[in-house]
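In what follows, a structure is listed as C-alpha cells, so that the remarks can point back to it.
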Amino acid sequence: MAILKIEYYSEVLGMNRPVNVIYPEAAKTGVKDAKDIPVIYLLHGMSGNENAWLNRSGIDRLVRKTNVALVMPSTDLGWYSNTKYGMNYFDAIAQELPRVIHNFFPSLSTKREKNFIVGLSMGGYGAFKLALLTDKFSCAASLSGALSFDFQEDLIFEENENYWSGIFGSKTEFDLSETNNLQNLARNSKERPKLYAWCGAQDFLFEVNNVVTKELKNLGYDITYESSEGIHDWYYWTQKIDRILDWLPIDYQREERKI
C-alpha cells in the first residue's frame, strides 16, 4: 500500500487543505488493475488532524493486504460543519473532497455502496452527520462519538461561548437545528446508512452514546452498538478500528496473528 500526503486548493474554504490517502498496491493485495476500489473516509477528533489516524492507530498495517483506499482529511476544530463564522467545512468534505479525490484516483469507487465513513470523538459526530445528510455513504461508524451534547450542553456552551457560538450559533439554535443536532437530523433524514457505534464504559461520552444509539434503534436504523471497558483514548480506538474493518462490507484481509 502507498501512503500519499496531498495538499490541494479548496475553493469552498478558499485555501490549501491537506489530506492523507492510503492507496492499495497490487503487490500486497494481489488485485491487479483494480477498479471501483472501496473507500473509507477516516475522521479525526478535536485534538487531531489529517495525520492522527496514521500516527496513532496502525491503520496502514491493518489494511496493507486489503483492496481498500483510506482518505483522511482535516476539519481543524470545525466539527465537520458549515460554521457560523463562514468556514463551510461540511461542504468542503461532503461535496468537494470526493470530487478532488476521484480526480487524483479515478480507480476509486463513487458508488454509495462502496463508500464508508468512520470517525472518533468529534469525528464520530462528523461520520454520522455526513452519512445522514448526504447520499454518499452506505455505512458510518463512530468510536467514542460526541453524538449529542445532552447532559453537558449548558456547561459546554457557557464555558466557551465564543467558540461554540462560532460553530453552531446559540444553544437554542443548536437545539432546534436539523443539520447540526444529530438527534433532530436522524428523525428527519431520508438516508438510512448502516451504523456502528462503540464507546467505553468509563468514557465521559458513555451515557450520551447509550441514549443516542437507543434513539436511533427506535427510529428504525440498522445500528450495531457495542461497549466494553475503556476511556476516551487511542489505546481502545486502535483495537476497535479492527472490529470496524471486519464490520464493513469489504473483503478485509486480516493480518496473521499468534494469540
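When S121, S177, S189 are checked against the criterion of being open to solvent by less than 30 Å² (accessible area, probe 1.4 Å) and without any contact (Cβ under 8 Å) to a residue 40 or more places away in the chain, a single residue qualifies: S177. If you go through region 90-111 and keep only what is surrounded by 21 or more Cβ atoms within 10 Å (Cβ to Cβ) and in contact with a helix residue (DSSP H, G or I) (Cβ under 9 Å, 6 or more places away or on another chain), you end up with F90, I93, A94, L108. Annotation for region 34-52: no member residue is among the polar types (S, T, N, Q) and touching a helix residue (DSSP H, G or I) at 6+ places or on another chain (Cβ under 8 Å). Only one of the listed residues (F157, F104, F128) is under 30 Å from G230 (Cα atoms) and at pLDDT 95 or above. That residue is F128.
Where residues in region 27-54 are modelled with pLDDT of 95 or more, of a type outside the set (S, T, Y) and not in a loop (DSSP other than H, G, I, E, B), which of them is nearest to L245 (Cα to Cα)? This residue is I40.
For region 32-56, a residue qualifies if it is surrounded by 15 or more Cβ atoms within 10 Å (Cβ to Cβ) and either over 25 Å from Y85 (Cβ atoms) or over 16 Å from the mean Cα position of the chain (by Cα) (or both), and the qualifying residues are A34, I37, P38, V39, I40, L42, W53, L54, R56.
Of the residues making up region 209-257, those that are assigned to a helix (DSSP H, G or I), without any contact (Cβ under 8 Å) to a residue 40 or more places away in the chain and touching a helix residue (DSSP H, G or I) at 6+ places or on another chain (Cβ under 7 Å) number 2. Would you mind telling me which numbered condition in (1) open to solvent by less than 50 Å² (accessible area, probe 1.4 Å); (2) free of Cβ contacts under 8 Å to residues at least 24 places away in the same chain P73 fails? (2) is the only condition that P73 fails.
Total residues in region 1-26 satisfying the condition of being closer than 16 Å to I59 by Cα, assigned to a loop (DSSP other than H, G, I, E, B) and of a type in the set (D, E, K, R): the figure is 1.
Can you report the number of residues in region 6-26 which are without any contact (Cβ under 8 Å) to a residue 24 or more places away in the chain and within 29 Å of N67 (Cβ to Cβ)?
2
The values are calculated or read from the model by the stated rules, or taken from the named source; none is laboratory data. If you're wondering where the values come from, they're calculated on a predicted model, not measured in any experiment. Backbone-built Cβ (ideal geometry, glycine too); neighbour counts: all protein chains shown. Side chains included, ligands, DNA and RNA excluded: accessible areas come from the protein's heavy atoms. Shrake-Rupley method; radii C 1.70, N 1.55, O 1.52, S 1.80 Å.
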